[in-house]
Structures are given as structure tokens and as C-alpha cells.
Amino acid sequence: MSTIADLMTHDHRACDHDFARAEALAAKGDWPGAADALAAFSRALNAHFDAEEQRLFPAFEAATGMTQGPTQVMRAEHADMRAALAHLQQALATRDADEFAGEAETLLIMMQQHNMKEENILYPMCDARLGAVSAIPVPSFPTPLQRNTQHEHHDRRRTRLEPPSPSSAPWKRWPTSRLASSSPYCSIACRIR
């Protein structure tokens, strides 16, 4: 049996790869490729949010009685990330490389902070209250070696959680309070027992 934390964290990483691919293709000016990669990322992100908001969070809330706690914060962060994704999609539509890079940086920071909260706080709480996950149709995510890895490690930001320097444009555009409370994604439909 897998834990909720293991499955959802694995899904975060798979989505991170899709996001990094979209970023790398846009940086090269491959707008059709970036559009395909961003569409894949968007589908995965929204599937993750849906799995959490429609299945995992309600199960956790029912088991704990907490409806105004961590799940409320995660839902708000999901809304913030959906808005950031819409800005990123607009930058892609206009093929504005600088705007795309700035919006991607903003969304990346939001996802890193959100994932950290889910992986270190919420998912372990879900495991403790809900137990192991069984009978979950887990998608077959390719391992990093099976993917086209040419861009996978293009940016070491993928492995750190600190924000960029205060002089970078995307950091200036978003108020610090918004980044501090912001947020990720998946394609697992959980059946909790």
C-alpha cells in the first residue's frame, strides 16, 4: 500500500517536469512546443487540484472536523495558482518571452511554497487520519530517465525553495504576502479507505 504523501508527492514531481519543459521550450522560442507542454501541465495541475478539492480534502475534513484549517488555506492557494496560470497562458498566447519568464517564475515560487506545505504538513496529517490509500488508479508516470530529459535539469531552481533575489522582476510584481501564502497539482483520483 502507498501512502497519500507518497502518491501526491510523486504527482507533484511529475507536474514539475511538465512545467519545466514548458519553460524550457518557451525560452528557446519554440512556442508551439511550449503551448503543448503548458497544456499538459495545465491538465495535470487542474486534475491534481480536483483530486484534492473533491476527494482528499473532504475526506480529511470529515475525519478531523477541520474545515477552516489547512484545507481552506490550500484551496485559496489553488485559486491563486489558477490565476497565475491564466497569466502565464496569456503571456504564451502573445509570445512574449519576457512576460512568460516572469509569470513562470511567479508560478514556480507559488508552487514550491505550496508543495512544501502539502508535503511536510497536510499530506502527513492526511496519512495519520485517513490511513493508507488503496485501489487508486495511479497513472503511469515516466521516470526522469524515460522522459526527454534534455531540459529537465536546465535550471537549478527546481531543487531549491528560496525565492529569487529581490531585484528580479517577477518577485517585484507580486506582493510578498501573496507569495508567502501561495501554491501545485496531480492526476490521481483518490479513493480513501
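Numerical summary
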item: Met125 - accessible surface, heavy atoms, 1.4 Å probe, Å² rounded to 10; result: 60 Å²
item: Radius 13 Å from Cβ of Pro124, net charge of other residues (Lys, Arg +1; Asp, Glu -1); result: -2
item: Cβ-defined net charge surrounding Ala86, 14 Å radius [Lys, Arg +1; Asp, Glu -1]; result: -2
item: Accessible surface of segment 11-119, 1.4 Å probe, proportion on carbon and sulfur as whole %; result: 52 percent
item: 5 angstrom amide H check on Ser2, placed H, neighbours 5+ away; result: Val133
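The values are calculated or read from the model by the stated rules, or taken from the named source; none is laboratory data. No experiment lies behind these values; they were computed from the predicted model shown. We place every Cβ from the backbone using ideal geometry, glycine too, and count neighbours over all the protein chains shown. Just so you know, the surface numbers come from the protein's heavy atoms only, side chains and all, with ligands and any DNA or RNA stripped out. Shrake-Rupley method; radii C 1.70, N 1.55, O 1.52, S 1.80 Å.
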